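Engineer: Shown below is the structure under consideration.
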Amino acid sequence: WRSAKFLGIFSFMQGEFRRAIEHFEMAQRPVGEAGAHLINPYAPLFMAVSCTCLGEFHRAIGILDYHWRGAEQEGRSGLAAVFRAQLGIVLLLVNNRKEGLSNLEVALTAATKNSHALARYLAQAGTAYHHFRECRLTESWDNFYQALQAAEESVIVRQYGSAFVLEMLYEFKRLGYEPLRGFDFDAEAEKILAGPNKHLRGVALRLLAVE
């Protein structure tokens, strides 16, 4: 079980989401010692994204809601903001735009207050996605630019598993927007096609096919 979190993240980066979930479940299994129920505090985030990519939206929402509230009760406001920002993104994906945006706004406020780069990155990327879905591409580009600024302070700089990131980059390119701090569709597609993530390779190939 001690290696489960690493195997989970490895499987996640490979796009093997079902296997990733199995490993993250092992990482959260109680083993009879204090704190062992959650070896890696970010494991639920990766697990929820894995569920989302598999279309298990209700499970993803349940995971994020549970861990957001738990982190808040423990006084870990920055971590709570991470889970709440991702919750907002999942709610947008299931077309619950009002609650999705509300969670993103609260998460961004908490992230700023607690100087939590990862939470700010997720909240602003989620806000960019909200504007994207509402066809406000300039606002989406601006928020994504701010998200990338936050990402430079984060330990997961420009790492993502959700298809919407690549889809947004594709639309920005198609409509003639300036590449985002060197984070453009062509470079990302090339990197993904040469990389190990099966899920994102499929997304990249789909987008390239309609160019």
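The values are calculated or read from the model by the stated rules, or taken from the named source; none is laboratory data. Keep in mind the model is a prediction, meaning the values are calculated, not measured. Backbone-built Cβ (ideal geometry, glycine too); neighbour counts: all protein chains shown. Quick note on the areas: whole protein, heavy atoms, side chains included, nothing else; ligands and nucleic acids left out. Shrake-Rupley method; radii C 1.70, N 1.55, O 1.52, S 1.80 Å.
Engineer: Which residues, taken from region 172-201, are open to solvent by 40 Å² or more (accessible area, probe 1.4 Å) and outside any loop (DSSP other than H, G, I, E, B)?
Structural biologist: Lys173, Arg174, Asp186, Ala187, Glu190, Lys191, Leu193, Lys198, His199, Arg201 - these are the residues of region 172-201 that are open to solvent by 40 Å² or more (accessible area, probe 1.4 Å) and outside any loop (DSSP other than H, G, I, E, B).
Per-residue answers, yes or no, for (1) of a type in the set (D, E, K, R); (2) at pLDDT below 95; (3) assigned to a helix (DSSP H, G or I):
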residue	(1), (2), (3)
Asn40	no, yes, no
Gly55	no, yes, no
Ile61	no, no, yes
Ala71	no, yes, yes
Ala81	no, no, yes
Ser102	no, no, yes
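Engineer: Which count do you get for residues in region 88-104 that are open to solvent by less than 30 Å² (accessible area, probe 1.4 Å) and in contact with a Phe, Trp or Tyr (Cβ under 7 Å, 6 or more places away or on another chain)?
Structural biologist: 3
Engineer: For residues that are closer than 16 Å to Val49 by Cα and in contact with a Phe, Trp or Tyr (Cβ under 9 Å, 6 or more places away or on another chain), scanning just region 105-121, find the one that is modelled with the lowest pLDDT.
Structural biologist: Per the criteria, the residue is Leu118.
Engineer: Kindly list the number of the only condition in (1) crowded, with 22+ Cβ neighbours inside 10 Å; (2) modelled with pLDDT under 70; (3) not polar (S, T, N, Q) that fails for Leu45.
Structural biologist: (2)
Engineer: Only residues in region 95-112 that are of a type in the set (Ser, Thr, Tyr) count as the first member; pair them with residues that are modelled with pLDDT under 95, Cβ under 8 angstrom, at least 6 apart or cross-chain, and list the lot.
Structural biologist: Thr112/Arg120
Engineer: Within region 148-159, which residues are open to solvent by less than 60 Å² (accessible area, probe 1.4 Å) and either among the basic types (Lys, Arg) or modelled with pLDDT of 70 or more (or both)?
Structural biologist: Result: Leu148, Ala150, Ala151.
Engineer: Let me ask something additional. So in region 10-31, with the set limited to residues that are open to solvent by 80 Å² or more (accessible area, probe 1.4 Å) and farther than 17 Å from Ala60 by Cβ, which one is modelled with the lowest pLDDT?
Structural biologist: Pro30
Engineer: Moving to a separate point now. Filter region 109-147 down to residues that are in a helix (DSSP H, G or I), closer than 25 Å to Pro179 by Cβ and open to solvent by 50 Å² or more (accessible area, probe 1.4 Å), then give me how many there are.
Structural biologist: Within region 109-147, residues that are in a helix (DSSP H, G or I), closer than 25 Å to Pro179 by Cβ and open to solvent by 50 Å² or more (accessible area, probe 1.4 Å) number 7.
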